[in-house]
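**Q** Here you go, one structure.
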Amino acid sequence: MKQAIKKVVPFNLGVKLRGAYQKVLGIAYSGQKYYCPFCENTFRKLLTGGEDHPVVAEKNIVGAGRRPNMVCPRCYSTDRDRLVYLYLKSSGFFNHPAKVLHIAPEGSLKHLLETKENLDYTTGDKFEEGYTDYYYDRDVLQMDVTKIPFANDSFDLLICNHVLEHIEDDRLAMNEIHRVLKPGGQAILQVPVSRSLEKTEETKLDNPQDREKHYGQHDHVRVYAEDYKDRLSEEGFTVEVRNAVKENWVPDLEKYAVNPEENIYIAKK
Ligand SMILES: [Zn+2]
């Protein structure tokens, strides 16, 4: 149904209609318990989101699955976007000039970062099926993360969230990310991570139902385990695994409705 609507409604009108719907939703959910740093509204609760598959609980996959208070009713920011925002804010990133590449840009984060005058900000995506139409703004460049069209040592920060679990040759993507980062630059590379598996599982599964069953989403090609950080190290990064709750990044963290279990993977060149 959604796809059918998208086919007949022109892009600009579609964006306007969605905006009007979100405004109404934002009012319906208004309250004091939660705060969205992107649209700067407060809510009594947020929307439930994510896909519900048994494998998420079976393999204790953090950063996946259906969860309450995931999506902002007003701007559709997710718990993942808010976590990245908190990391950037607490690390003082908004105070210094920086060149940024954001791959598969989340709308809420993109709209915030492009307003920051200290940032030289570029976005790109491969536009795979299911991630087109209103999913991305029209100014996002066509880009393959395994073949990034920029020179070596170009960026201070690269953001690539929940992408590597979709990429067959994730090591090639890691290599490319490393190549385009400046020495001393960093990449935020979030993926879903199993807390119960000892090693990343990535037997090739051609059938979307099998991938959903074993990896938690029809288009995921693996499920990472704690050895994810070793894989990043093997491709040349120095890896920091950070946690907002343990490190108490901001006061009143609960109001941002982030997943306290979700670590941030910072890969430094
Ligand atoms: Zn919001």
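The values are calculated or read from the model by the stated rules, or taken from the named source; none is laboratory data. All values reported here derive from a predicted model rather than from experimental measurement. In this analysis, Cβ positions are derived from the backbone assuming ideal geometry, glycine residues included, and neighbour counts consider all displayed protein chains.
**Q** Does the stretch 239-246 include one or more residues that are buried (at least 19 other Cβ atoms within 10 Å of the Cβ) and within 26 Å of Tyr34 (Cα to Cα)?
**A** Within the stretch 239-246 (the criterion being buried (at least 19 other Cβ atoms within 10 Å of the Cβ) and within 26 Å of Tyr34 (Cα to Cα)), the answer is yes, since at least one residue qualifies.
**Q** So, Leu83, is that one in contact with an Asp or Glu (Cβ under 7 Å, 6 or more places away or on another chain), part of a helix (DSSP H, G or I) and more than 10 Å from the ligand (Cβ to nearest atom) or not?
**A** Working: in contact with an Asp or Glu (Cβ under 7 Å, 6 or more places away or on another chain): yes; part of a helix (DSSP H, G or I): yes; more than 10 Å from the ligand (Cβ to nearest atom): yes.
Yes.
**Q** Considering the stretch 138-157 alone, what residues qualify as being touching a strand residue (DSSP E or B) at 6+ places or on another chain (Cβ under 8 Å), at pLDDT below 90 and of a type in the set (D, E, K, R)?
**A** Of everything in the stretch 138-157, just one residue is touching a strand residue (DSSP E or B) at 6+ places or on another chain (Cβ under 8 Å), at pLDDT below 90 and of a type in the set (D, E, K, R), namely Asp139.
**Q** Let me ask something additional. Name the pairs whose Cβ atoms lie under 9 Å apart, with the first residue in the stretch 29-41 and closer than 17 Å to Val84 by Cβ, the second within 8 Å of the ligand (Cβ to nearest atom) and among the basic types (Lys, Arg), and 6 or more positions between them or separate chains?
**A** Note: pairs meeting the criteria are Cys36/Arg74; Phe38/Arg74; Cys39/Arg74.
**Q** Please go through the stretch 164-196 and give me each residue that is in a loop (DSSP other than H, G, I, E, B) and of a type in the set (Val, Ile, Thr), ordered by number. Write out each step before concluding.
**A** Step one: of the stretch 164-196, the residues in a loop (DSSP other than H, G, I, E, B) are 167-169, 189-192, 195-196.
Scanning the stretch 164-196 gives Ile167, Val191.
**Q** Out of the stretch 89-112, which residues are under 14 Å from the mean Cα position of the chain (by Cα), in a helix (DSSP H, G or I) and without any contact (Cβ under 8 Å) to a residue 60 or more places away in the chain?
**A** Gly107, Lys110, listed by residue number.
**Q** Name, by its number, the condition in (1) within 16 Å of the ligand (Cβ to nearest atom); (2) part of a loop (DSSP other than H, G, I, E, B); (3) within 30 Å of Gln209 (Cβ to Cβ); (4) not charged (D, E, K, R) that does not hold for Cys39.
**A** Here Cys39 clears every test but (3).
**Q** Any residue at all in the stretch 46-60 that's within 14 Å of the ligand (Cβ to nearest atom), at pLDDT 80 or above, surrounded by fewer than 18 Cβ atoms within 10 Å (Cβ to Cβ) and small (Gly, Ala, Ser)? Working first, answer last.
**A** Step one: of the stretch 46-60, the residues within 14 Å of the ligand (Cβ to nearest atom) are 46-47, 49.
Subset that is at pLDDT 80 or above: 46-47, 49.
Going one step further and asking which of them are surrounded by fewer than 18 Cβ atoms within 10 Å (Cβ to Cβ), we end up with 47, 49.
Filter once more, so that each one left must be small (Gly, Ala, Ser): 49.
Yes, there is a match, as at least one residue in the stretch 46-60 is within 14 Å of the ligand (Cβ to nearest atom), at pLDDT 80 or above, surrounded by fewer than 18 Cβ atoms within 10 Å (Cβ to Cβ) and small (Gly, Ala, Ser).
**Q** State the number of residues belonging to the stretch 77-99 that are in contact with a Ser or Thr (Cβ under 8 Å, 6 or more places away or on another chain) and surrounded by fewer than 20 Cβ atoms within 10 Å (Cβ to Cβ).
**A** Residues that pass the stated criteria total 1.
Each row is one residue, and each column tells you yes or no for (1) more than 16 Å from the chain's Cα centre (by Cα); (2) modelled with pLDDT under 95; (3) loosely packed, with under 12 Cβ neighbours inside 10 Å.
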{"residue": "Glu129", "(1), (2), (3)": "yes, yes, yes"}
{"residue": "Asp133", "(1), (2), (3)": "yes, yes, no"}
{"residue": "Ile159", "(1), (2), (3)": "no, no, no"}
{"residue": "Gly185", "(1), (2), (3)": "yes, no, no"}
{"residue": "Arg222", "(1), (2), (3)": "yes, no, no"}
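**Q** Moving on to the next point. For the stretch 13-28, give me the residue count where each residue is away from the ligand (no atom under 15 Å from the Cβ) and free of Cβ contacts under 8 Å to residues at least 40 places away in the same chain. So that I can check it myself, show each step before the final result.
**A** We begin by selecting, within the stretch 13-28, every residue away from the ligand (no atom under 15 Å from the Cβ); these are 13-17, 20.
From the residues that got through so far, the ones that are free of Cβ contacts under 8 Å to residues at least 40 places away in the same chain too are 13, 16-17, 20.
Residues that pass the stated criteria total 4.
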